[in-house]
Structures are given as structure tokens and as C-alpha cells.
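The values are calculated or read from the model by the stated rules, or taken from the named source; none is laboratory data. Here the structure is a predicted model, which is why all the values come from computation and not from measurement. Cβ atoms come from the backbone with ideal geometry, glycine included; neighbour counts cover every protein chain shown. Accessible surface is based on the protein model in full, side chains and every heavy atom, while ligands, DNA and RNA are left aside. Shrake-Rupley method; radii C 1.70, N 1.55, O 1.52, S 1.80 Å.
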Amino acid sequence: MTMECIHCTRGIDHCHGTLILHADEQVECSDLSCGDLAVVRHDLVIECHTFAGGCGCVVEETVYFAQAS
């Protein structure tokens, strides 16, 4: 049995890659041949901070607590 993508069989414009949304508002796709980074073309969309180890565009806030005297 062959599994076919329903979007492909119906001729719907789409991408099989994962769209990655960065905190600095840039987007990229895991499919290097993807030419249109529109969210609607991607079934899988993730935010970059969900990657193990994080992403370089995410700035972590440092919280300092005042020590009681």
C-alpha cells in the first residue's frame, strides 16, 4: 500500500517541511527547496524556543533578586 499526500493528490499548494517561527520575527522552513514561507502552506509550524537547546534568536531574561539585609 502506497501512502500519498492528500494535498499532493488534490493539487493543493503546500510544503512538506516544518515552518520555524523565530522570536525575532524571522521564519524558515526545514525544506530547503521551500520558496514560500506562508504559514498556510505548512501543516507543521513550531516556535524556535521549542528546540532542544533553544535558538540563538531567543534572548533569555536574567532576573535578579534583591537580598534582604
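A few remarks follow.
- Applying the criterion of being within 11 Å of the chain's Cα centre (by Cα) and among the hydrophobic types (A, V, I, L, M, F, W, C) to the residues of the range 24-37, the residue that is surrounded by the most Cβ atoms within 10 Å (Cβ to Cβ) is 29.
- Tabulated pairs, the range 35-46, first touching a residue at least 24 places away in the same chain (Cβ under 8 Å), second of a type outside the set (D, E, K, R) and exposed (fewer than 13 other Cβ atoms within 10 Å of the Cβ), C-beta under 6 angstrom, 6+ apart or interchain: 45/39
- Considered as a group, the residues in the range 44-55 that are under 10 Å from the mean Cα position of the chain (by Cα) and among the aliphatic types (A, V, I, L, M) include one that is most open to solvent (accessible area, probe 1.4 Å), and that residue is 44.
- Every condition in (1) open to solvent by less than 100 Å² (accessible area, probe 1.4 Å); (2) at pLDDT 65 or above holds for residue 68 except the one numbered (2).
- Matching entry among 41, 10 (being surrounded by 13 or more Cβ atoms within 10 Å (Cβ to Cβ) and basic (Lys, Arg)): 41
- Strands (runs of 3 or more DSSP E) wholly inside the range 1-51 that include at least 3 residues being on the phi < 0 side of the Ramachandran plot and among the hydrophobic types (A, V, I, L, M, F, W, C): 15-21, 42-47
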